[in-house]
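Report on the following structure.
Coordinate-derived values only; no laboratory data. Computed from a predicted structure; not experimentally measured. Cβ placement follows ideal geometry from the backbone for every residue including glycine, while neighbour counts extend to all protein chains displayed.
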Amino acid sequence: MHASTTIDVPETFVATYGADRPEAQVWLAELPRLGGSFLERWELRPDGPAAHGMASLVLPVLRADGAPAVLKLQQLREETAGVADGLRAWRGDGVVRLLKHDDASATQLLERLDAARPLSSLDDGETALQVLAGLMARLTAVPAPQGVRRLSDIATAMVDATAQAAPALRDPVERKLLETCAATVRELVGDAGDRLLHWDMHSGNVLAGEREPWLAIDPEPLAGDPGFDLLPALDDRWGEVVASGDVTRAVLRRFDVLTEAVDTDRRRAVGWTLGRVLQNGLWDVADGKSALEPTQVAIATALLAHRG
């Protein structure tokens, strides 16, 4: 290795990441050099082409002793600032193991999992649900460490933003739904919990591993109530919910499986799941949309009708 080492960044990542954010463009321009610097610093050798998701680049590498790993590069943002703290607290129990981390750039060296075998590739949706529930139970059993964001702060900001956002929705029924979600969260915000949440737990964020059959990846750690972690699993593989012929029944069954797994109060879990619907709705409005996602409406409606 030498000082001019760089990595290849897929054009698809360059084209899709942060197209409307100047700071993201600066980061992308530096990414080939940044990746190369960590190959040198951590004594890594590339072991295949880079892959990417929505917000990060992952390069398979070999360590100095020949052990496989992945170099994960992502822009330092609020959402990524607490990742290393969360991964260290979990210590690889149900989640990908953190091998090295650079605080200044949020760069991570992680154990290598089988990216070709996500949980979403399983044909059996029931098995996938049980895997998600089991992993979620293990992750949310861990107390959140200092340094990760807190649900209490996020929830307070969401409630405060609702009055301005709701009028942007065309359908008065959806406006009322958003307001109902906010009112429910307002009642809970004083006791928002202290568990370590993944925040994006769905079958696309679980990969096959060697030391365990399935391990979670890509957490955005948050300190809060386990109920706030359920929604991504509730609307996972949504086509299967629709195909069941009874959306409400299928949603409630998933909800019961998940709440039992994380051992949380059902009514609180309903409230915090409505909090996630509120969060997604506020994000949609901020993105210029005038309607809520139908899946979110269906889930919220099912839970509100059976919140006892």
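Explain nothing, just the number: relative contact order of the stretch 11-112, from Cα pairs under 8 Å at least 6 residues apart, as a whole percent. It rounds to 19 percent for the stretch 11-112. Look at where the Cα atoms of the stretch 79-102 and of the stretch 13-77 average out, and the two centres are 17 Å apart. Here's the picture: charge each Lys and Arg Cβ at +1 and each Asp and Glu Cβ at -1 in the chain, and of His202, Leu139, Ala155 the one pushed furthest to the positive end of that dipole is Ala155. Rounded to the nearest 10 degrees, the angle from helix 294-305 to the longest Cα principal axis of the chain is 50 degrees. Once the Cβ-Cβ distance of Ala51 and Glu187 is raised to the sixth power relative to R0 = 45 Å, the FRET efficiency obtained is 0.60. Restricting the trypsin sites (Lys or Arg not before Pro) of the stretch 70-134 to loop positions (DSSP other than H, G, I, E, B) with no more than 12 neighbouring Cβ atoms within 10 Å leaves Arg91. Modelled spin labels at Glu240 and Thr5, positioned 7 Å past Cα toward Cβ, are 4.2 nm from each other. Dividing the summed -39500 (n - 2.57) terms of all DSSP H runs of n ≥ 4 by the residue count of the chain sets its mean residue ellipticity at 222 nm at -14500 deg cm²/dmol.
Taking label points 7 Å from Cα along the Cα-to-Cβ direction, Ala64 and Asp103 give a separation of 2.3 nm.
What the phi angles of the stretch 184-199 give under the Karplus curve with 6.51, -1.76 and 1.60, with θ = phi - 60°, is a coupling list of 5, 5, 4, 6, 9, 4, x, 9, 8, x, 9, 7, 8, 9, 7, 6 Hz, glycine and proline written as x. Scanning residues 5 or more positions from Arg150 or on other chains, those with amide H under 5 Å from its amide H are Ala223, with H placed 1.01 Å from N in the peptide plane.
Across Ala157, Ala50, Ala141, mean-square fluctuation computed from a Gaussian network of the chain (C-alpha pairs under 10 Å connected) peaks at Ala157.
For the stretch 166-249, the set of trypsin sites (Lys or Arg not before Pro) satisfying both a DSSP loop assignment and a count of at most 16 other C-beta atoms within 10 Å is given as Arg170, Arg211. Residues whose amide H lies under 5 Å from that of His52, counting only those 5 or more places away or on a different chain, are Val58; hydrogens are built 1.01 Å from N in the peptide plane.
Compared with the direct C-alpha span, the chain from Ala24 to Glu212 gains 64.2 nm at full extension, assuming 0.36 nm per residue. Net charge in the neighbourhood of Leu109 (other residues with Cβ under 11 Å of its Cβ; Lys, Arg +1, Asp, Glu -1) is +3. Within the stretch 25-120, the GluC sites (Glu not before Pro) that combine a DSSP coil assignment with at most 16 other C-beta atoms in a 10 angstrom radius are Glu43, Glu78. Between Val173 and Glu293, residue separation times 0.36 nm minus the direct Cα-Cα distance comes to 41.9 nm. Roughly how tilted is helix 125-140, in degrees to the nearest 10 and between 0 and 90, from the longest Cα axis of the chain? Taking the Cα atoms of the chain, the angle to 125-140 is about 80 degrees. Taking amide H as placed 1.01 Å from N in the peptide plane, Trp214 has its amide H under 5 Å from the amide H of Gly209, each at least 5 places away in sequence or on another chain.
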